[in-house]
1. Across the stretch 77-93, what is the number of residues that are surrounded by 17 or more Cβ atoms within 10 Å (Cβ to Cβ) and farther than 19 Å from W36 by Cβ?
2. Within the bounds of the stretch 73-82, is there any residue that is under 13 Å from the mean Cα position of the chain (by Cα) and hydroxyl-bearing (S, T, Y)?
3. Which ones in the stretch 43-76 are part of a helix (DSSP H, G or I) and open to solvent by less than 40 Å² (accessible area, probe 1.4 Å)?
4. Scan the stretch 85-101 and tell me whether some residue there is over 19 Å from I12 (Cβ atoms), among the acidic types (D, E) and modelled with pLDDT under 85.
5. Can you tell me which residues in the stretch 21-42 are surrounded by 14 or more Cβ atoms within 10 Å (Cβ to Cβ) and in a helix (DSSP H, G or I)?
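The values are calculated or read from the model by the stated rules, or taken from the named source; none is laboratory data. Bear in mind the structure is a predicted one, so any value in this text is a computation, not a measurement. Neighbour counts are summed over all protein chains in view; Cβ atoms, including those assigned to glycine, are modelled from backbone coordinates with ideal geometry. When the accessible area is computed, the model is the full protein with side chains, heavy atoms only, and any ligands, DNA or RNA have been set aside. Shrake-Rupley method; radii C 1.70, N 1.55, O 1.52, S 1.80 Å.
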Amino acid sequence: AIASAASAGSSIVVEEFGDKFTQPKTKDFIAAMNRWGLDPKVKSMFFMMELGENLEKSGRNIGTLQLLTPRTLNLYHVLDAEKLVFTPATVDYLNERYGLDNDEDDYDYEDEYDEEEEEDGEDDGDDGEDDTPEAAE
């Protein structure tokens, strides 16, 4: 679901900003959203590694906002959000947790299937003969 949102252009990566909130102010959070081109009236999910107390308090008065960590991340919030906002640390976390290893990217599943057929002695139909059973008279 996250990959689909990313490819649809509804996700952005922003700098780490959790420690920038020295006091809880919703006005500061809305100003940050506006800097990133986000409308506070649009459902947004912010995925961060840690949520500081001031950050949570700054965002809790924005009804369209969800602040999530790896522990609270769930499919419902991902699908419900119109905009997904990540920090570089959360992108790294998702790639480590759910990304493919480089070795798996080049794996050819068709070759494995062909090898299994040859080992089992199955006919793959490529010998040019008609393998259709004849009708009984």
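1. Result for the stretch 77-93: 1.
2. yes
3. If the condition is that a residue be part of a helix (DSSP H, G or I) and open to solvent by less than 40 Å² (accessible area, probe 1.4 Å), then L55, S58, G59 are the ones that fit.
4. Yes, the stretch 85-101 has at least one match.
5. T26, D28, F29, I30, A32, M33
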